[in-house]
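The structure appears right after this line, and notes come after that.
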């Protein structure tokens, strides 16, 4: 049986509530391993400490949600809302992520090494998201701030109603959402993208292979001619 002072927790024998409570202790520190998550929801949610957490297996909804400071690695796939409302730190998903990865996140870095499903980065507010594969439809919907990098393809409705988030896509885009347009890649964007790719472990990518997308700023203020787009 695990104790709350242990640096390794087995969710096959220890209730998730106890594990998350231990991660919320004021004195939590060091490197922590969580085994056998078996698709549990809210694994390592609400952590606010500069610790390293490794989750060995697939997780369910809202893993690493509201993360602050921690470096969390998930050695598996993640369900809906991984790193939702993250404020800082790093979350790395070694597999695929379901819908709404990084939703409403304010800061930090989310890396999904596989594919991310629909609405990746919905309403993102400052987080950086790097996806190694493809993203589904309506990704970066109402994205307000931060950067999203997609090394594969993007589904329909990319960046719908986008604000100031910058999106970089290497592959094809199914369609752009309302007020989202392709933009030129200037030197500062190439440098920014190179830094994001390096931070996410994809330093061999050539930033020149990517297209930048962002807001046309036509929906910032109401115009009767744009009624159908609202």
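Read-outs throughout are calculated quantities, based only on the coordinates presented, and are distinct from any laboratory measurement. Predicted, not measured: the structure shown is a model, and the values here were computed from it. Virtual Cβ from ideal backbone geometry, glycine too; neighbours counted across all protein chains shown.
Structure above, values below:
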read-out: Residue 8 paired with residue 26, simple spin-label distance in nm, labels 7 Å along Cα-to-beta-carbon; value: 3.0 nm
read-out: Listed residues 56, 67, 85, most fluctuating in the chain (Gaussian network, C-alpha, under 10 Å); value: 56
read-out: Histogram of C-alpha separations across the chain, 10 Å bin width, %; value: 9, 34, 31, 17, 7, 1, 0
read-out: Cα-based shape type of the stretch 93-179, given that a ≥ b ≥ c are square roots of the gyration tensor eigenvalues and the cut on a/c is 1.5; value: oblate
read-out: Residues 87, 124 arranged by fewest to most Cβ contacts within 10 Å; value: 87, 124
read-out: Coordinate range along principal axes, alpha carbons of the stretch 49-150, Å, largest first; value: 31, 22, 20
read-out: Ranked by how many other beta carbons lie within 10 Å on average, peptides 172-180, 11-19, 42-50 from highest; value: 42-50, 172-180, 11-19
read-out: DSSP bridge orientation in the stretch 8-229 - percent antiparallel, rounded to nearest 5; value: 15 percent
read-out: Fraction of antiparallel bridges per DSSP, the stretch 106-221 only, in percent to nearest 5; value: 30 percent
read-out: Residue exposure sequence - 217, 170, 119 - by fewest surrounding Cβ within 10 Å; value: 217, 170, 119
read-out: Listed residues 38, 100, 88, most fluctuating in the chain (Gaussian network, C-alpha, under 10 Å); value: 38
read-out: Likely footprinting exposure, 94, 198, fewest C-beta neighbours within 10 Å first; value: 198, 94
